[in-house]
Structure formats: structure tokens, C-alpha cells
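*Asks:* Before anything else, here's the structure in question.
The values are calculated or read from the model by the stated rules, or taken from the named source; none is laboratory data. As the structure is a computational prediction, the values presented were derived from the model and not from experiment. With ideal geometry, Cβ positions are generated from the backbone for all residues, glycine too; neighbour counts draw on all protein chains shown.
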């Protein structure tokens, strides 16, 4: 990652020394900047969100020949919590690389002659960390915005730091909602096709660990490119479209419903009964010795996973959403998710065996050792499509997906498909791996092996002519026909 360039003093009015959250940007489908303001454009990429363009409105019209990309700077101030090299924690200041600058109209269309509007296209890429607009300011500043940016051009006497709007048509298409039950409040995003025809299916997508416990529900769209679920890439496979529901867990899907022997919530899936046995077995051993009792037969005992604390709240949210959208086909409810969301996908399928029509877990985090034989038998009766990368170092497939698939195949499953990749790399041809000296190689850029959702959400998981979402669109809970094992 390149060294950050320190910007001029931007914190002109610190109103609070303590951390104070600002509201996440509210997306619009289109907007024009006001005088001496800018509009920020945010788009989705395989690696996440990126602010890739800005349109500024100058106080006076500028001549075409005076607009030179080298004269513009775009300084940013963000709060980084990544801990990555050279980024650190807390406030990070730096600058964006501007790759193009040109006159435009208020909507961003290139024009000639003169104009008050200037479009600036900024460099984006998997290593351009400062392009991520979802890093929150910890203090109130002059910008008073989630993603602070100052656009300057000394030659044209331009200095603009006030933002009019954030434009992202796909993000703006989602509705925000909130559901509360007991002590749990669950935010969510949802989308439905325009026609709202009876028999419309519902796709539920569950995020990974990093997108829970966030004040910004829009992270659900961009961190794993889940916004693609409403794009034509996916929607074209559903004749009347498919509704999309993305719940946001307040903490993490992998928090147990049951506690340990001391009553504390623990991470799941864990063998709760096993924890109890660790406390109880020594006492039982003493009692057996005192009374000369025989040793018990433990050969039948299996590790039983705890149930997620959010199982019931999530199901209630799903039920309420379906009730509020009566055109949804209750026999075509599909569930998928990545990492911890993949764990929760499996968990929900086990807890509500007759509810979902199909499931598509990605790099799922449910240890095979915690799945009972009866769990495997239940899963084998459900159409499933697993996706994972062999070089996933975050969730080891050899402890999760691989042995689970082997056991499922022994059950003569109804309809099981697997997309296995050696690694996760760029498939657009736009991004390359770099040498230690920073020069590009001819090899495609490689993401972390855990990022298998890139293939799934780009609908690049295939089995012959069958793709993940063309397969999903065929699934219906009633009247299943025998499938094949791939």
C-alpha cells in the first residue's frame, strides 16, 4: 500500500473530543451539486465499495482548456480501523489519485466550451484503501460527513469540501428497515422487483462477521458485493424478478443461544453439552469411585452444536417480511450467506428444516465436527450449492465444507452442487498482481482465499450450462424432483 500523503489542517472545528458517530450517507439515484459543492459517486467492485467519481460545481464557469487533471487534488480524511500497514488506527489523512478531469453538465455528461461543472474520475482498485467511503469520522469536523474530502485547484481558485449528495443507483434502490423482538433490534435492507407479481421468490443473504455490529447497514451491500443480487447478473434468471432481504446482525451470527456452565454466551458452533461434561464428569468420576459404579458407555455421544442466539429473531424478521409482501411465494424462499453468514445459513436450514426451498452457503463457517449424522441427513434433503476456495486461510475448508460434502454425498442427496476454486482472483482483467518493487506482473490480482463470495455473487459458479442463480430460480419447496450430485 502506498505511503499516505498528509493533508493540510482539516479539523477546523472539533466540537467534541470524544468519538461521535455521523450518519452514513443516504444514497440517491441522481443528484447535481450545489454552488461550491460536490457530488460523490459510489460504485461496487469485487473487493468492496469505492468512491470513484466526483462532480463539482464552481462559482463561475471554467473554460475547457483550463481544466487540467494535474492541477487538481482530492484530499481525504477518514477513520481507519483496519490495522493494515501504513494505515494505523484512528484518523487517517491522505489523498486520492485523480485520473481524469473534464467539463460536464450537472449530470456528469462530458461537454465542450465552458461549464460550471467539472467531473473528476478517481483511481480505484483492491489496493486503493482510501477509496472506501464506509470509514466513519470519529469527531465532528468542518466536513461533518462520513467520508470527508476536499477538492482543490489553485490555478482555478477552487477549494470545495461540502458534499451535496452521494449517488449510487443500486444502493438507493434498497429500502431500510428495522425489526425488534425482545432485546434484539435487527436492521435490514430489502428490495423488490417493480412488478410485484404473485409467486415472486425471496432471496435472503446473510453477511459475514465484519458487517455485524455496525451503524452503517449499507455495508451489507458493498463489503461482499451483495448489491449484485438486484442487478441483472442475478435478476435475469427469475422470470418475474426476486425479492432480496439482507438482515444485519447486531453483533455476530455466531453467538450461542445457550450459555456455558457459568451462564455466559459463547461463540458457536460449540459443543455446549461437552462444556457441561467438562464440569460434571470429574464429579461423576468421584461418585463412581466412592460407590464402585461401572464406567458409562460414551461411544454414542456426539458433539452437538449450540444454536445461534439470533436464530429466532432472524426467523421472525423473515416471517414478518413475507407477511408484509403477500406476493412472495412461500415455497420459493432461498437462503445464502458467506463465512459467519454461511454458518447461519446452515444453522437456519437445520432449525427450520421444511421452510427453505434451497440454500447456497459460501465459505461457510460451520465445523463439520459439530454436525450430527441426523443433521447431515436433514441437509441432504434440501437442494444445496456450496462454494469455497481451497486456499481459504480464514475458514479452513478441510474442517468445514470438505468433510461435510463427503458426508452429504454418502446420503444420496436430493440436489447437491459444489463450486470449488483453487484461489480467488480478479476475472475482469483490470487488476494485476504486483512485484515487491510495486511493478505489475501479468498475473491476475489475487484476493484472500476467503473471498469466494466474489465468484458466487458474480454468478460465476457454474456446472456445465447451469449457473448458481439459474439453478436457484428453478427450486421450489413443493414437488421437488431428484437432483444430481456434482
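*Asks:* Taking only region 115-159 into account, find how many residues are modelled with pLDDT of 85 or more and in a strand (DSSP E or B).
*Replies:* 15
*Asks:* Turning to a different aspect of this structure: Quick check on region 81-105: of everything there that is modelled with pLDDT of 95 or more and in a loop (DSSP other than H, G, I, E, B), which residue is nearest to residue 152 (Cα to Cα)?
*Replies:* Checked region 81-105; the qualifying residue nearest to residue 152 (Cα to Cα) is 97.
*Asks:* Given the residues 376, 395, which is the only one that is in the same structural domain as residue 181 (by TED's automatic domain parsing) and not in a loop (DSSP other than H, G, I, E, B)?
*Replies:* 376
*Asks:* Same structure, new question: Go through region 442-486 and give me each residue that's part of a loop (DSSP other than H, G, I, E, B) and modelled with pLDDT under 95.
*Replies:* 464, 465, 477, 478, 479, 480, 481, 482, 483, 484, 486
*Asks:* Moving to a separate point now. How many residues are surrounded by fewer than 23 Cβ atoms within 10 Å (Cβ to Cβ) and more than 18 Å from residue 325 (Cα to Cα) if we restrict to region 195-211?
*Replies:* Going through region 195-211 one residue at a time, the tally reaches 2.
*Asks:* Further, regarding this structure: Select, from 107, 99, 121, 128, the only residue that is assigned by TED's automatic domain parsing to the domain that holds residue 62, in contact (Cβ under 8 Å) with a residue 12 or more places away in the chain, surrounded by fewer than 18 Cβ atoms within 10 Å (Cβ to Cβ) and within 14 Å of residue 43 (Cβ to Cβ).
*Replies:* Result: 121 is the single residue among 107, 99, 121, 128 that is assigned by TED's automatic domain parsing to the domain that holds residue 62, in contact (Cβ under 8 Å) with a residue 12 or more places away in the chain, surrounded by fewer than 18 Cβ atoms within 10 Å (Cβ to Cβ) and within 14 Å of residue 43 (Cβ to Cβ).
*Asks:* What residue, of 54, 61, is modelled with pLDDT of 95 or more, within 29 Å of residue 231 (Cβ to Cβ) and part of a strand (DSSP E or B)?
*Replies:* 54
*Asks:* Working only within region 357-377, note down all residues that are in contact with a helix residue (DSSP H, G or I) (Cβ under 6 Å, 6 or more places away or on another chain) and surrounded by fewer than 24 Cβ atoms within 10 Å (Cβ to Cβ).
*Replies:* 368, 375, 376 - these are the residues of region 357-377 that are in contact with a helix residue (DSSP H, G or I) (Cβ under 6 Å, 6 or more places away or on another chain) and surrounded by fewer than 24 Cβ atoms within 10 Å (Cβ to Cβ).
*Asks:* Can I ask one more? Tell me which of these residue 406 doesn't satisfy, since it passes every other one: (1) over 26 Å from residue 370 (Cβ atoms); (2) loosely packed, with under 14 Cβ neighbours inside 10 Å.
*Replies:* Looking at each condition in turn, residue 406 falls short on (1).
*Asks:* For region 205-215, check the following and say yes or no: at least one residue is farther than 21 Å from residue 131 by Cβ and more than 21 Å from the chain's Cα centre (by Cα).
*Replies:* No, that holds for no residue.
*Asks:* So, one more: Pull out all pairs, ordered by first then second residue, where Cβ-Cβ is under 7 Å, the residues are six or more apart or on different chains, the first lies in region 49-74 and is free of Cβ contacts under 8 Å to residues at least 60 places away in the same chain, and the second is loosely packed, with under 14 Cβ neighbours inside 10 Å.
*Replies:* From residues that are free of Cβ contacts under 8 Å to residues at least 60 places away in the same chain, the pairs are 59/35; 64/112; 64/113; 69/100.
*Asks:* Out of all the residues in region 396-412, which are at pLDDT 95 or above, in contact with a strand residue (DSSP E or B) (Cβ under 9 Å, 6 or more places away or on another chain) and more than 19 Å from residue 460 (Cβ to Cβ)?
*Replies:* Within region 396-412, 400, 402, 404, 405, 408, 409 qualify.
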